[in-house]
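Heads up: the structure comes next, in structure tokens.
The values are calculated or read from the model by the stated rules, or taken from the named source; none is laboratory data. These numbers come from a predicted model, not from an experiment. Cβ sites come from the backbone with ideal geometry, for glycine too, and all protein chains shown count toward neighbours.
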Amino acid sequence: MSSERAVKLERANPLLALNYEPALEQLGDDYYDPVAAAEFPLQVLRFRNDDLLPQLGVDPQQVQDTDFLEAFGQFRRPPRPFLALRYHGYQFGEYNPRLGDGRGFLYGQVRGSDGQLYDLGTKGSGTTPYSRGGDGRLTLKGGVREVIAAEALHRAGVYTSRCLSLVETGESLWRGDEPSPTRSSVMVRLSRSHIRFGTFERLLYVKRKDLMAILLDHVIEHYYPHLASDRDRYPRFYAELVQRVARLAAQWMAAGFCHGVLNTDNMSITGESFDYGPYAFIETYNLSFTAAYFDYFGLYAYGNQPAICRENLLRLQRPLEWVIAPEDLQAGIEPFWQQFEAAYQEQMLRKLGFRPTTDPDAASLVQQTVKLLKETQMGYHTFFAELSRQFSATWRDDLDHILPAVTAVDDATRNLWQQWKIQYFHHLLQVPPEELTRMGDRLQASNPSTVPVRPLIEAAWQPIVESDDWSDFELLIRSIRA
């Protein structure tokens, strides 16, 4: 062996060389169980999210596909113990104490380039003490759908977790909601935190009042640090969480997104979207639209989402009453609807190209837009995409220039369009001419040209099933991000 080869060091895997922190691990084993990853017969990298690597302080060009496979498919040389987190939750209104990470674990926690703490969590990585007789696996289609949802929500400006990688793992799975046998996968998700409303609810159920302040101090230290030195940090935390969740619900509604299983175990303590279940993006404005096939009574229908979020915040009050006075909790939840309405108006105005404002005319424009979308049942996302594509500064000069290609099919529809155009034109007249360029930019930023409604997802999935052709999936991801 030459001396040059003798001194050559083995190349380090950048994903394993990250500075993993034991933040949650240091809370103690009252909150988790150490677990091991399953061993899979195959590892094929199907998706890697290079957009997230700089956030972790990693140059994407320095990361090979084999690095993803070694870290997130083979789970070699774990940086710290893998932790299956303990939590409970209200599922469709019924309390379930038999939950916890049943097919995933906290892979590790990393300080991002922005100084914030992030979690890497798995899905489909094998059984845990909370698998409840399940196989702990994730179907490949389930992984593909979550990748698509996360990228679409992020593009729409929704506060959400995102998928870092998706690895196909070579097992055959049997599921009642997919043609079986179906293919298996393991996904790694990057999020701010995997601590859920249900993490607190579990402490109440097991009567561990002594742990409540410890957990809440941990949450505030890492995710609400601006409150850490405040003597009223507990009630201020809850009030801020309410505001974050109200804003998140408004983002979902404006993006036309319907969460599949809006249980308390699927609500993050940071107010971030994750674990969407059998989600769907609406095709037309329909408050009764329900994403999950098993949500027989439409509890988590598109239009119910803000109220369900508020109800879940109310349920969180029960464990928090150990450390926060009831009157402070009531004060924290009181402004929810006002905060939601303000955030929804802001989101919708941006989709219409305008700056956020409290002008009553702006509220009227949003209401008229919703009325138009509801009563005409035109494509929800098509309307905003066309608004973005066709927008012109000449619209401010002449009402008839606004969306000229749109034709009404009857008098009622024609009247709705005319009323909406009058409202939009009136609002345009309040905009300084130099603001029109920025309006175009806002329209482009707020209205993706591609939104993954179910037919688009199925069209991308079918070639994978038939011929292992991933080109349509890759094209869909590029289109969503454009």
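When the residues of the stretch 37-66 are filtered to those that are under 26 Å from A460 (Cβ atoms) and of a type in the set (D, E, K, R), which remaining residue is surrounded by the most Cβ atoms within 10 Å (Cβ to Cβ)?
So the residue we want is R48.
Restricting to the stretch 308-328, give me the number of residues that are of a type in the set (A, V, I, L, M) and loosely packed, with under 15 Cβ neighbours inside 10 Å. Explain how you work it out, then say what you get.
In the first step, residues of the stretch 308-328 are kept if they are of a type in the set (A, V, I, L, M); the result is 308, 313-314, 316, 320, 323-325.
Applying the additional criterion that residues be loosely packed, with under 15 Cβ neighbours inside 10 Å yields 314, 325.
Residues that pass the stated criteria total 2.
If you go through the stretch 416-434 one residue at a time, how many are surrounded by 14 or more Cβ atoms within 10 Å (Cβ to Cβ), touching a residue at least 40 places away in the same chain (Cβ under 8 Å) and in a helix (DSSP H, G or I)?
Of the residues in that region, 6 qualify.
For the stretch 229-279, enumerate the residues that are out of contact with any helix residue (DSSP H, G or I) (no Cβ under 9 Å at 6 or more places or on another chain) and in a helix (DSSP H, G or I).
R244 - this is the single residue of the stretch 229-279 that is out of contact with any helix residue (DSSP H, G or I) (no Cβ under 9 Å at 6 or more places or on another chain) and in a helix (DSSP H, G or I).
Restricting the search to the stretch 367-392, which residues are assigned to a helix (DSSP H, G or I) and without any contact (Cβ under 8 Å) to a residue 40 or more places away in the chain?
From the stretch 367-392, those assigned to a helix (DSSP H, G or I) are 367-376, 380-390; that's our starting set.
Result: Q367, T382, F383, E386, Q390.
May I ask you to verify whether Q345 is assigned to a helix (DSSP H, G or I), in contact with a helix residue (DSSP H, G or I) (Cβ under 6 Å, 6 or more places away or on another chain) and in contact (Cβ under 8 Å) with a residue 24 or more places away in the chain? So that I can check it myself, show each step before the final result.
Details: assigned to a helix (DSSP H, G or I): yes; in contact with a helix residue (DSSP H, G or I) (Cβ under 6 Å, 6 or more places away or on another chain): yes; in contact (Cβ under 8 Å) with a residue 24 or more places away in the chain: no.
Spelling it out, it is not the case that Q345 is assigned to a helix (DSSP H, G or I), in contact with a helix residue (DSSP H, G or I) (Cβ under 6 Å, 6 or more places away or on another chain) and in contact (Cβ under 8 Å) with a residue 24 or more places away in the chain.
Would you mention how many residues in the stretch 442-482 are under 19 Å from Q251 (Cα atoms) and in a helix (DSSP H, G or I)?
7
Residues to consider are V7, V35; find the one that is of a type in the set (V, I, T), in the same structural domain as S172 (by TED's automatic domain parsing) and at pLDDT 95 or above. Reasoning before the result, please.
Numbers: V7 fails: at pLDDT 95 or above.
Only one candidate passes the filter, namely V35.
Would you pick out the residues in the stretch 339-369 that are over 27 Å from L313 (Cα atoms), of a type in the set (V, I, T) and surrounded by fewer than 21 Cβ atoms within 10 Å (Cβ to Cβ)?
Selection gives T357 alone.
Out of E386, E375, which single residue is exposed (fewer than 15 other Cβ atoms within 10 Å of the Cβ) and not basic (K, R)? Quick ask: steps written out before the conclusion?
Working: E386 fails: exposed (fewer than 15 other Cβ atoms within 10 Å of the Cβ).
On inspection, the qualifying residue turns out to be E375.
Which one of V58, V63 is in contact with an Asp or Glu (Cβ under 9 Å, 6 or more places away or on another chain) and at pLDDT 95 or above? Give the steps one after another, and end with the answer.
Working: V58 fails: in contact with an Asp or Glu (Cβ under 9 Å, 6 or more places away or on another chain).
Unique residue meeting the criteria: V63.
Have a look at G102, G73, G89 and point out the one that is in contact (Cβ under 8 Å) with a residue 60 or more places away in the chain, among the small types (G, A, S) and closer than 16 Å to M187 by Cβ.
Values: G102 fails: in contact (Cβ under 8 Å) with a residue 60 or more places away in the chain; G89 fails: closer than 16 Å to M187 by Cβ.
From the options G102, G73, G89, the qualifying one is G73.
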